[in-house]
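For reference, the structure discussed in these notes is given below.
The values are calculated or read from the model by the stated rules, or taken from the named source; none is laboratory data. Note that the structure is a prediction, hence the values are computed from the model and not measured. Here the Cβ is made from the backbone with ideal geometry for all residues, glycine too, and neighbour counts use every protein chain on show. We work out accessible area using only protein heavy atoms, side chains counted, and drop any ligands, DNA or RNA first. Shrake-Rupley method; radii C 1.70, N 1.55, O 1.52, S 1.80 Å.
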Amino acid sequence: MKQLITYFKDFHQNLYGPFTFLLIGLWAAFLIGVNYYFDIEDGYIDHINSFPLKGVAFFIYHLVGYLGVLVIIHWSTDRKVLTQNKDFWIKLTFVFIVLAAARSFFFHHYLVAGLDGYTKVYFFKVFSKARKVIIFFTGAILLYFFFDKKELSHFYGLSMKAKNLRPYFILLALIAPFIIGASFTPAFQKFYPFVKYAYPEVMAKLYHFPKELFITFYEIVYALEFFGVELFFRGVLIFGLTKFIGKDVVVPMAITYAVFHFGKPMGEAISSIFGGYILGVIAYYSKSLWGGIIIHIGIALLMEFFAYIQL
């Protein structure tokens, strides 16, 4: 835990003043307020049927959140983060194209086209989780080989030489009581667990296998989705852009990560700013994604578990 505390002390030395943090907070509040008041994602973007148009909408949607933070940092500090060469802007464009594709390319519809009934529902839910993993990993691989292979000694923090991971399990254990407490709230129980929407009990009756088999398979794919999310947000958006703007990569990533959560309850979108910020700092200093992966997947599966046992 001392190491994690050191990360945050080092990160906040000579970072931003209170005025800059205030502006960033107001920007985040504006984005959240506008989205949830006008229901932009659920009410408009999600109803765009054309993949290219939906992709463009999600591209602009996320990029606005990211660039807004850069503008604030550029204007309110001596860090002129917008005065970058064309390599930065080209790379940033491709990074957000990957993110837009992950939000808009629903190829899993074609994978279940020949199925019907609850079998179609179950595998639709499974493949919808696998879809983001596939797109994020494919995008990260392409970005790595075209932009970062010569400069990064690891694949966006996925080095096999993981450092001491014990503090992350301790942190997860400290978070667990809050998840347990939240699991008793109606809002939490209304939304979670996600596995209930895949009807594993019905699949068990249809195919005469234990329901635990269908639950486990779903949750494994669900966990892998967070692996892909960490690779993109704490991997590509941190390690892929650090050479351009240094530790200023963290806060824009955290705000973009909140925009990524705008289709979920507002409380989760707000908490994702702090979660993204914490995991971003950890990734930036540890040069590894494994801590974030442990925390993120751990929290997700704990939320699933405690919600499921209350069904």
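The order of the peptides 95-106, 280-291 by mean Cβ neighbours within 10 Å, most packed first, is 280-291, 95-106. Here the peptides 139-152, 189-202 are ranked by packing, the mean other Cβ count within 10 Å, and the order with the highest first is 189-202, 139-152.
For the range 85-145, the equivalent ellipsoid derived from the Cα gyration tensor has semi-axes of 32, 9, 7 Å, listed largest first. Rounded to the nearest 10 square angstrom, residue 36 shows an accessible area of 60 square angstrom against a 1.4 Å probe.
Counting only residues at least eight positions apart within a chain, or on another chain, the aspartates and glutamates with an alpha carbon under 19 Å from that of residue 80 are 248. Peptides 58-71, 206-219 ranked from most to least packed by the mean count of surrounding Cβ atoms within 10 Å: 58-71, 206-219. Once the Kirkwood radius over Cα pairs is known for the range 100-195, the Stokes-Einstein relation at 25 °C and 0.890 mPa s delivers a diffusion coefficient of 141 µm²/s.
Taking every DSSP helix (H) stretch of at least 4 residues in the chain, weighting each as -39,500 (n - 2.57) and dividing the sum by the residue count yields a mean residue ellipticity at 222 nm of -23000 deg cm²/dmol.
Among 253, 160, 266, the largest mean-square fluctuation in a Gaussian network model of the chain, built with springs joining Cα atoms closer than 10 Å, belongs to 160.
Which pairs, out of 86/243; 120/190; 132/264, put more than 18 Å between their alpha-carbon atoms? With Cα atoms farther than 18 Å apart: 120/190. Take the convex hull of the alpha carbons in the range 227-311; its mean projected area over all directions comes to 5.6 nm².
Once the Cβ-Cβ distance between residue 36 and residue 146 is put in as r, and R0 is 35 Å, what FRET efficiency do you end up with, to the nearest 0.05? Step by step, r from the Cβ atoms, then E = 0.45.
For residue 132, the accessible area of its heavy atoms, probed at 1.4 Å with every protein chain present, is near 40 square angstrom.
Listed values [x] 15.4; [y] 16.3; [z] 17.1 include one computed from this model; for mean projected area of the Cα convex hull in nm² that value carries the label [z].
A simple spin-label model places the labels of residue 113 and residue 48 2.3 nm from each other, with each point 7 Å out along Cα-to-Cβ. Each principal axis of the Cα atoms in the range 1-96 has its own extent, and those three values, largest first, are 48, 34, 31 angstrom. In the frame of its principal axes, the range 176-268 has Cα extents of 55, 28, 24 Å, reported largest first. Computed from Cα atoms, the angle from the helix 290-308 axis to the main principal axis of the chain rounds to 40 degrees. On full extension, the segment bounded by residue 212 and residue 76 gains 43.6 nm, given 0.36 nm per residue less the C-alpha separation. Note on residue 184 and residue 134: the extension gain reaches 14.6 nm, defined as 0.36 nm multiplied by sequence separation minus the Cα-Cα distance. Note down the net charge around residue 47, summing +1 for each Lys or Arg and -1 for each Asp or Glu among other residues with Cβ under 12 Å from its Cβ. Neighbour charge sum, excluding residue 47 itself: -3.
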